[in-house]
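The values are calculated or read from the model by the stated rules, or taken from the named source; none is laboratory data. Everything numeric here is computed off the predicted structure, so don't read it as measured data. Please note: Cβ atoms are built from the backbone with ideal geometry, for glycine as well, and neighbour counts cover all protein chains shown. All accessible areas refer to the heavy atoms of the entire protein, side chains included, with ligands and DNA or RNA removed. Shrake-Rupley method; radii C 1.70, N 1.55, O 1.52, S 1.80 Å.
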Amino acid sequence: MTAQDVLSIIMGAGVGIGIAFWIAASILEKRNNVGDSHGETYLYSNDVMVTDKEKLQDALHPKLKEYIQRVEPEAPKYPTAPNSKEQVKRTGQIK
Amino acid sequence: MATLCKNCNHALVFEPALGKLYCAYCGSQFAAEDVESDSKKYRENERVLTRDEVFGDDETYEEFLESYVYTCSECGGEISIHGTEVSTTCIYCGNPNVVFSRVAKEMTPDYIIPFSVTREQALRYVQQMISKSVLLPKELKALNVNDIKGIYLPYWVVNANHEEAAVVQVRGGSAVSKYTYHGRKGYMTIKNFPLDGCRMLSDESSTCLEPFDLSAMRKFDEDYLLGFYSNSSDITYEEMYLATERRAKEIYESTIKKEFGKNAERICAESHQTAILNDYKYAMFPVWFITYRCEGKPNTILINGQTGKIVGAVPWNKKAFKWITIISGIVLGVVLTLLLRGIVSALGAPETGKDSASSITGQFILGFGSLFGMLFATVASIKMAKVKKLLQLTQSDKMFHFVKKRQG
């Protein structure tokens with residue numbers, strides 16, 4: 001057996017097992033892909049309004065940090081609850 | 001605690017196929033909104049138990065499922081309610097019971113989506129899913145799935161404002177850098193976003209049940225719970241906020257990435273603020289839970305009780321999967337070897353002494369073939385990881401006990 005034969009056998013076996021694995025995994029995935037999708041974006045959100053677009057130089061540019069600087073919220077994060085560990089109540093019952 | 005038929009005084013149950021309360025004894029049907037019951041008035045002045053009162057301050061409360069014992073109004077038998085359960089079935093007479101103190105005014109849901117998928121339909125969907133699966137374990141082939149419970153899960157329907165500044169890394173730059181970076185600032189409002197209010201059920205499982213058609217929500221009436229189990233909400237404000245924030249971020253970032261199509265690699269930096277508005281609503285949504293054991297492991301399949309969407313994976317015979325993959329791989333390998341051998345010898349390997357250009361081409365083909373095989377194996381591994389993750393959710397002990405601890 002020549003080196004050429006050995007290389008071909010190794011190659012062939014590798015590709016063959018790779019393809020067989022891919023076929024088997026695809027079949028399993030197809031049979032079990034129920035329940036994968038979540039609610040679509042359009043069901044929950046109004047259109048995303050983009051207020052600013054900018055092309056930045058690179059990932060390490062200082063301007064990138066400026067760009068994503070946090071905006072102070074106008075409203076508190078938790079709706080009227082003084083204690084975030086408190087159990088959620090119906091809004092009609094919050095005093 | 002059972003709502004009785006005004007014609008024959010037997011307990012009524014909600015029948016999904018009819019969308020009404022149904023008396024199995026005399027066949028009478030009533031719309032839930034039309035049925036008045038003295039029991040409902042009891043809840044008006046009842047104080048609901050807080051989470052700490054139900055579970056205590058101990059963080060390990062999940063391990064200690066305390067029961068509260070009530071009396072069935074039909075037969076006087078003991079009804080055992082665990083944790084935050086609100087309705088159940090009497091194990092002695094089989095009649096449905098709603099614990100009205102648990103739906104006291106403070107925690108009465110605003111809305112409910114009644115079951116529209118019947119028990120028989122749900123079981124049929126699961127049997128069909130199992131019968132279509134490949135490489136089933138022997139145990140599952142003979143299994144007759146019939147352990148099913150309809151449970152109303154608590155959901156919070158929230159509106160929220162989300163503001164975010166994000167930087168998208170996009171493929172396809174210049175010779176200097178293969179990426180470009182694009183900043184996008186913006187805001188959006190999320191409306192009618194359903195959040196699971198039950199801590200025992202994982203967020204991943206509950207989000208897979210979506211979407212629910214919220215236009216079918218009706219004003220809450222306890223009578224819809226008859227014949228089904230249900231839980232009240234036990235999540236905190238922090239949990240509600242974190243779940244909303246996570247989903248809002250997902251929606252915003254996936255929307256801005258769409259502008260760049262498949263070239264959008266990832267969000268490499270971002271800053272955001274999410275604020276839940278004060279008009280969130282409390283609702284109950286229907287889910288069928290089907291449980292069975294396979295190879296000693298618990299399995300729970302969820303079915304959206306409104307749309308029939310199934311969430312869950314079916315176990316497979318791992319030994320058979322391994323051997324079939326290896327044997328078919330070897331057979332395919334033999335065929336490819338013969339093919340490649342012909343190509344390689346025509347183009348020449350180093351030993352044949354042919355010119356160097358042909359030998360390089362031969363080596364290139366061998367190298368490319370190896371990459372090809374590795375690529376298939378990599379894609380297959382990603383698919384298998386996805387299926388295994390879904391199977392892990394399906395075989396969650398926590399979810400199994402969430403269903404099985406209920407009586408009836």
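Within the group B:PHE376, B:PHE372, B:PHE364, B:PHE402, which residue is at pLDDT 85 or above and among the aromatic types (Phe, Trp, Tyr)? Let's see the steps before the verdict.
Working: B:PHE372 fails: at pLDDT 85 or above; B:PHE364 fails: at pLDDT 85 or above; B:PHE402 fails: at pLDDT 85 or above.
Only one candidate passes the filter, namely B:PHE376.
I'd like to know if the stretch B:202-219 contains one or more residues that are polar (S, T, N, Q), open to solvent by 30 Å² or more (accessible area, probe 1.4 Å) and either part of a strand (DSSP E or B) or under 26 Å from B:LEU390 (Cβ atoms) (or both).
Step one: list which residues in the stretch B:202-219 are polar (S, T, N, Q), which gives B:202, B:205-207, B:215.
From the residues that got through so far, the ones that are open to solvent by 30 Å² or more (accessible area, probe 1.4 Å) too are B:202, B:215.
Narrowing further to those that are either part of a strand (DSSP E or B) or under 26 Å from B:LEU390 (Cβ atoms) (or both): B:202.
For the stretch B:202-219, residues polar (S, T, N, Q), open to solvent by 30 Å² or more (accessible area, probe 1.4 Å) and either part of a strand (DSSP E or B) or under 26 Å from B:LEU390 (Cβ atoms) (or both): present.
Quick one: in the stretch B:292-319, which of the residues that are open to solvent by 10 Å² or more (accessible area, probe 1.4 Å) and of a type in the set (Ser, Thr, Tyr) is modelled with the highest pLDDT?
Checked the stretch B:292-319; the qualifying residue modelled with the highest pLDDT is B:THR307.
Take the conditions touching a Lys or Arg at 6+ places or on another chain (Cβ under 8 Å), within 11 Å of chain A (Cβ to nearest Cβ), surrounded by fewer than 23 Cβ atoms within 10 Å (Cβ to Cβ) and not in a helix (DSSP H, G or I) and apply them to B:THR189. Does it pass?
On the way: touching a Lys or Arg at 6+ places or on another chain (Cβ under 8 Å): no; within 11 Å of chain A (Cβ to nearest Cβ): yes; surrounded by fewer than 23 Cβ atoms within 10 Å (Cβ to Cβ): yes; not in a helix (DSSP H, G or I): yes.
Judged against the criteria, B:THR189 is not a match.
Taking the conditions exactly as written (among the aliphatic types (A, V, I, L, M), touching a strand residue (DSSP E or B) at 6+ places or on another chain (Cβ under 6 Å) and in a helix (DSSP H, G or I)), does B:ILE251 satisfy them or not?
Judged against the criteria, B:ILE251 is a match.
Say we look at the stretch B:227-255 and pick out the residues that are more than 7 Å from every other protein chain (Cβ to nearest Cβ) and aliphatic (A, V, I, L, M); which of these is most open to solvent (accessible area, probe 1.4 Å)?
Taking the candidates together, the pick is B:LEU242.
Give the residues of the stretch B:283-338 that are free of Cβ contacts under 8 Å to residues at least 24 places away in the same chain and either basic (Lys, Arg) or over 30 Å from A:GLY16 (Cβ atoms) (or both), sorted by residue number.
Matches in the stretch B:283-338: B:ARG293, B:GLY296, B:LYS318, B:LYS319, B:LYS322.
Keeping to the stretch B:379-394, report how many residues are at pLDDT 85 or above and either touching a Lys or Arg at 6+ places or on another chain (Cβ under 9 Å) or more than 7 Å from chain A (Cβ to nearest Cβ) (or both).
9
Could you give every pair whose Cβ atoms fall below 7 Å, whose first residue belongs to the stretch B:6-34 and is of a type in the set (Ser, Thr, Tyr), and whose second residue is exposed (fewer than 12 other Cβ atoms within 10 Å of the Cβ), counting only separations of at least 6 or pairs across chains?
B:TYR25/B:CYS8
Across the stretch B:143-172, which residue is farthest from B:GLN273 (Cα to Cα) among those that are more than 30 Å from the chain's Cα centre (by Cα) and within 9 Å of chain A (Cβ to nearest Cβ)?
Among residues in the stretch B:143-172 that are more than 30 Å from the chain's Cα centre (by Cα) and within 9 Å of chain A (Cβ to nearest Cβ), the one farthest from B:GLN273 (Cα to Cα) is B:GLN169.
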